[in-house]
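Since the structure comes first, as structure tokens, the remarks are kept for the end.
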Amino acid sequence: MSDDRTARIRQRAYELWEADGQPADRDQDYWLRAESEIAAAEADEAAAAAAPKPRARMPKAAAESTGETAAPKRRKAAVEGAEPAAARKPRRKASEKTE
């Protein structure tokens, strides 16, 4: 175990011990809890470092100056003047149609 990691575990165990009112003869319990917390924190850091970072979207002007193409803008959900979907009559299933 590295000296830095041991020092962090020692410090965290002390903090846990103090928070619980400094009970006697439980040093092993606090050491193991601190060790577990430090290991979990290190695993989280490693996972965060390994995760791919999302690319920021480049503004159109910057994209044009660099020769790259900016991502296209999204289309509007509805065409102006079109009837909203909530106002339309629901479609009937083939079994419900009357002849």
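Could you tell me which residue of the stretch 1-29 is nearest to E42 (Cα to Cα), considering only residues that are acidic (D, E) and part of a helix (DSSP H, G or I)?
Within the stretch 1-29, the first condition is being acidic (D, E), and the residues that meet it are 3-4, 15, 18, 20, 25, 27, 29.
Filter once more, keeping what is part of a helix (DSSP H, G or I): 3-4, 15, 18, 27, 29.
On the way: D3: 15, D4: 13, E15: 18, E18: 23, D27: 22, D29: 20 Å.
In this case the residue turns out to be D4.
Check whether at least one residue in the stretch 67-84 is at pLDDT below 70 and assigned to a helix (DSSP H, G or I), and report yes or no. I'd like the intermediate steps shown before the answer.
Taking the stretch 67-84 first, the residues at pLDDT below 70 are 67-84.
Now restrict to residues that are assigned to a helix (DSSP H, G or I): none.
No, that holds for no residue.
No other residue among K97, K53 is at pLDDT 70 or above and either loosely packed, with under 10 Cβ neighbours inside 10 Å or charged (D, E, K, R) (or both) apart from K53.
The values are calculated or read from the model by the stated rules, or taken from the named source; none is laboratory data. Everything numeric here is computed off the predicted structure, so don't read it as measured data. Here the Cβ is made from the backbone with ideal geometry for all residues, glycine too, and neighbour counts use every protein chain on show.
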